[in-house]
Amino acid sequence: MSETDSLTTGPEHVALIMDGNGRWATKRGRPRLFGHQAGARRVREIVESCPRLGVRYLTIFAFSTENWKRTQSEVSGLMAIFKRYILKEASKLLTNGVRVRFIGDRIRLDETLVRLMDELEVLTAGNDTVHLTIALNYGGRDEVTRATRRLAVEVAAGRLLPEDVGAETLAGFLDTCMLPDPDLVIRTSGEARISNFLLWQSAYAEYEFVDTLWPDFTAEKFEKILQSFQGRDRRFGAVSA
Ligand code: IPE
Ligand code: IPE
Ligand code: MG
């Protein structure tokens, strides 16, 4: 496919569970962080392919609320990679029309990282070509819990009536309140599970589990998955015409 071609009815919002960095490194006899570095380098190619492939929203899972269970050296190495990614990619993201947002709980992240995240959000706030959302210290259950807590504060203060609380009300309190629901969730590395990613938002997403380890995931592989998405019959509980 040439640079100028574009798919007709691809998914508008793709969510990606970038898994398999550790195994990719182990297979090469290298430390896990070597895999995470290779994984971080992969992100650019996928983000840059989005306009051509008609993907307007891309949400990527970078670090889960459960990933703190890893060794301290892996966790701090990952945090250093996130900082480096922001510093290295900021100007490219800006000129490519990418608007970056972060979801997840910032409370456990270090001050410098949070400042870099805030700055990148502000820097790219005027962009609209691709909406890149990075899930960092993100967990679906944690997100719903935090949203419910904020909603409960509104109810307790009398600003919201319990009978007025609907699905849309709760969705408005989620970290993703500004995003459409994902149409397609892709997980690399051969694991067929969602590991606490976008639990609420993916109620009617299509899923694609691929064996490729994240550092080997190319724009070409991404495009093939998007093409196969077009053949799917999304019924949303109804009967197709
Ligand atoms: C995904 O790769 C990146 C993060 C979870 C931060 P992994 O580190 O989970 O790689 P595997 O699954 O152990 O191969
Ligand atoms: C999911 O991968 C989280 C990210 C990709 C950031 P994990 O490797 O943490 O998931 P599990 O532990 O295999 O379920
Ligand atoms: Mg993993």
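From the set of residues in the range 180-217 that are touching a residue at least 60 places away in the same chain (Cβ under 8 Å), among the small types (Gly, Ala, Ser) and out of contact with any His (no Cβ under 9 Å at 6 or more places or on another chain), which is nearest to Arg235 (Cα to Cα)?
Ser202
Out of the range 120-147, which residues are in contact with a helix residue (DSSP H, G or I) (Cβ under 8 Å, 6 or more places away or on another chain) and loosely packed, with under 14 Cβ neighbours inside 10 Å?
Thr129
Could you list all residues from the range 76-90 that are free of Cβ contacts under 8 Å to residues at least 12 places away in the same chain and open to solvent by 80 Å² or more (accessible area, probe 1.4 Å)?
Lys88
Kindly provide the set of residues from the range 7-23 that are touching an Asp or Glu at 6+ places or on another chain (Cβ under 7 Å) and within 16 Å of ligand 3 (Cβ to nearest atom), ordered by number.
Within the range 7-23, just Asp19 meets the criteria.
Please specify each residue of the range 34-75 satisfying the condition of being assigned to a helix (DSSP H, G or I), buried (at least 19 other Cβ atoms within 10 Å of the Cβ) and within 14 Å of ligand 3 (Cβ to nearest atom).
Hits for the range 34-75 are Gly35, His36, Gly39.
If you take the residues of the range 18-33 that are more than 6 Å from ligand 1 (Cβ to nearest atom) and touching a Leu at 6+ places or on another chain (Cβ under 9 Å), which of them is least open to solvent (accessible area, probe 1.4 Å)?
Ala25
Would you say Leu16 is under 26 Å from Phe229 (Cβ atoms) and either more than 14 Å from ligand 2 (Cβ to nearest atom) or touching a His at 6+ places or on another chain (Cβ under 6 Å) (or both)?
no
Please verify whether Ala80 is among the aliphatic types (A, V, I, L, M), within 16 Å of ligand 1 (Cβ to nearest atom) and more than 17 Å from the chain's Cα centre (by Cα), treating the condition exactly as stated.
yes
Give the range 91-110 a look and list any residue that's of a type in the set (Lys, Arg) and either closer than 29 Å to Asp128 by Cβ or surrounded by 17 or more Cβ atoms within 10 Å (Cβ to Cβ) (or both), or say none.
Lys92, Arg99, Arg101, Arg106 - these are the residues of the range 91-110 that are of a type in the set (Lys, Arg) and either closer than 29 Å to Asp128 by Cβ or surrounded by 17 or more Cβ atoms within 10 Å (Cβ to Cβ) (or both).
Yes/no matrix, rows are residues, columns are (1) part of a loop (DSSP other than H, G, I, E, B); (2) exposed (fewer than 13 other Cβ atoms within 10 Å of the Cβ):
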{"site": "Glu163", "(1), (2)": "no, yes"}
{"site": "Asp181", "(1), (2)": "yes, no"}
{"site": "Ser195", "(1), (2)": "yes, no"}
{"site": "Ala203", "(1), (2)": "yes, yes"}
{"site": "Ile225", "(1), (2)": "no, no"}
{"site": "Ala238", "(1), (2)": "yes, yes"}
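The values are calculated or read from the model by the stated rules, or taken from the named source; none is laboratory data. Predicted model only: the values in this text are computed from it and were never measured. As a convention, Cβ positions derive from the backbone with ideal geometry for all residues, glycine included, and neighbour counts pool all protein chains shown. The protein model used for the area step is the full one, side chains on, heavy atoms only, and it has no ligands, DNA or RNA in it. Shrake-Rupley method; radii C 1.70, N 1.55, O 1.52, S 1.80 Å.
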